[in-house]
Amino acid sequence: MRKRFAIIALLLGLASAYTALTPGEREARPSISWTAGLSQDRVEQVAAFHEWMKKTGRVDENGEPLFTVKLETADNQSTLIQAVSGMAGDLIDHVPVKRFAPMGVLEDITEFARENGLDPGSNYGAAGDLLMYGGRQYAYACNLAAPALLCNADLFRKYGMEPPPEEWTPEEFESIGLEFIRRANEGRPRQEVFFAGAMP
């Protein structure tokens, strides 16, 4: 047993030494990773923070900030890790109830919500199903958002098309979009008119 322990300790020691001596992706200054929804606001906030560090003298001998903040996008994996660790900041902002309730990482608030007027029917009834799993409530819609696609009906008419219907299937969306792009860019050397921009 001692021999096995000594071998494992030796291997871990060698791996540690290799890691410490290999520059790899090591940076000149320490960095803090900020996992957030990536947006222009976040980029500007990081730049402003670095400027603040410089203005307030939190710099090294070269006048650079003592450390940097690197942005990383929040993804499903980080949310899952937060959920099982009990430190789930991303779950507070947006709760995919149907995903996390079956895992047992969300608390059933059905009785509490009913007693305090926070049941799904108390604010936006159409979102009620998003808050429930198995007939039980796990969230409350306090900051509800719905993505939308705005349409410039005049632009469709300009290219000889009827504006899209209010409700459409993914197949209809694709065929209308392709036809719109074909008509709008006809005679142009390259595509200059697009059907839809980035969607949140």
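Every number in this text was worked out from the coordinates using simple rules, so none of it is lab data. In this text the structure is predicted, and so the values were computed from the model without any measurement. In this analysis, Cβ positions are derived from the backbone assuming ideal geometry, glycine residues included, and neighbour counts consider all displayed protein chains.
Within a straight-line Cα-Cα reach of under 16 Å, Lys158 can be paired with the following aspartates and glutamates, leaving aside sequence neighbours fewer than 8 residues apart in one chain: Glu179, Glu186, Glu192.
Here the Kirkwood formula, the inverse mean of 1/r across different C-alpha pairs, assigns region 92-137 a hydrodynamic radius of 10.9 Å.
Between Cys151 and Leu178, the modelled labels are 1.9 nm apart [label points 7 Å from Cα along Cα→Cβ]. The distance between label points at Arg29 and Lys98 comes to 4.5 nm (points 7 Å beyond Cα on the Cα→Cβ vector).
In this structure, the amide hydrogen of Ala141, modeled 1.01 Å from its nitrogen in the peptide plane, lies closer than 5 angstrom to no residue at least 5 positions away or on a different chain.
Each of Leu155, Ser175, Gln191 was placed along the dipole of region 147-200 (beta-carbon charges, centred on the mean Cα), and the one lying farthest toward the positive end is Gln191.
Out of every Cα-Cα pair in region 147-200, what percent are more than 13 Å apart? Tail fraction, whole percent: 61.
With q set to 0.25 Å⁻¹, the log10 of I(q)/I(0) for region 31-73, from the Debye formula over equal scatterers at the Cα positions, is -0.83.
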